[in-house]
Amino acid sequence: MKHPILWLDMTVSVQEAATQAGFNQAFDVHRLAPLSSIRADAERIQPAVAFFDFDFPTRHGLNLLRETKRTFPSMPLIMLTVQHSEALAVWAFRARVWDYYVKPLSTVDVERCVTSLREMLSLRVVGDVPRSAAIPHSAIPEEHRVNGSQGQHPSTLAAAISYVEAQFRTKVTSAKAASLCGLSAFQFSRVFKETYAITFQEYLLRFRIREACRLLKNPAAQVADVAHLVGFNDPSYFCRIFKRYTAVSPSHFNAATDATLDVGQLLGGIEAD
């Protein structure tokens, strides 16, 4: 028997097409639209976990999360967000969020979350929940998994990668990225190319196009809206860049996209011009 979970869809821009397939397979998902309170639904469904699914968290959504924790203190809450910052992550954990993920979630993220939840819930069933079970296993971030001198570049560039993830919808410059990493423009350009085999601007374009592919999987998404959401002020230019990377126009991708398409693989072999 699957554990019931609540999925609070708090997205306010391009809506998610569907709950992550991995969660649907593992749990009995009850999806709810934005509400002022989830008390009645929680008391009716008796969920084991509640997911708060944001794209751009609003004050209302964050207050709802906090009030839900106060009302149901033993219920684990998981926060998903597109808009990520260090301050938001710190707030989430101070609000006693059980786990926190930046979207789009990878297959590894989904599997790790499902495994951690199953382990914690199985302990609750037998009434044996040690203190450590309340804290999900935290994988070592990718940029810190290398050893020795090879780890110097990824660690040095971590601020630039975080800058792209947080600000890709706005103007992103190499000069700002270099400054965040404590490097000159020349040093930053050389180190970034040595580390990732592409330029910083190419990395930024790939990141934006990958995010656009995710948003366009929603059949209700409008190409001009997606272009703006991923940092392109000119929809025509967005269409040209999108087709360069995917070999199809955004409108074609929007109409015929396959949910199983591996966007990472699709973009992985593209070389900088």
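The values are calculated or read from the model by the stated rules, or taken from the named source; none is laboratory data. Not measured: the values here are computed from a predicted model. Ideal geometry is used to build each Cβ from the backbone, glycine not excepted, and the neighbour counts take in all protein chains shown. Note: accessible area is taken over every heavy atom of the protein model, side chains too, but ligands, DNA and RNA are not part of it. Shrake-Rupley method; radii C 1.70, N 1.55, O 1.52, S 1.80 Å.
Residue selection: Arg240 fails the criterion of being modelled with pLDDT of 90 or more, of a type outside the set (Val, Ile, Thr) and either part of a loop (DSSP other than H, G, I, E, B) or in contact with a Gly (Cβ under 6 Å, 6 or more places away or on another chain) (or both).
Taking the criterion of being open to solvent by 20 Å² or more (accessible area, probe 1.4 Å), assigned to a loop (DSSP other than H, G, I, E, B) and within 26 Å of Val164 (Cβ to Cβ), the residues of the stretch 60-102 that qualify are Gln83, His84, Ser85.
Only residues that are of a type outside the set (Phe, Trp, Tyr), surrounded by 18 or more Cβ atoms within 10 Å (Cβ to Cβ) and under 15 Å from Gln167 (Cα atoms) were counted in the stretch 211-235, giving 6. Can you confirm whether Pro57 is modelled with pLDDT of 90 or more and outside any helix (DSSP H, G or I)? When the stated conditions are applied, Pro57 does not pass them.
Among the residues of the stretch 161-209, those identified as among the charged types (D, E, K, R) and part of a loop (DSSP other than H, G, I, E, B) are Arg169, Lys171.
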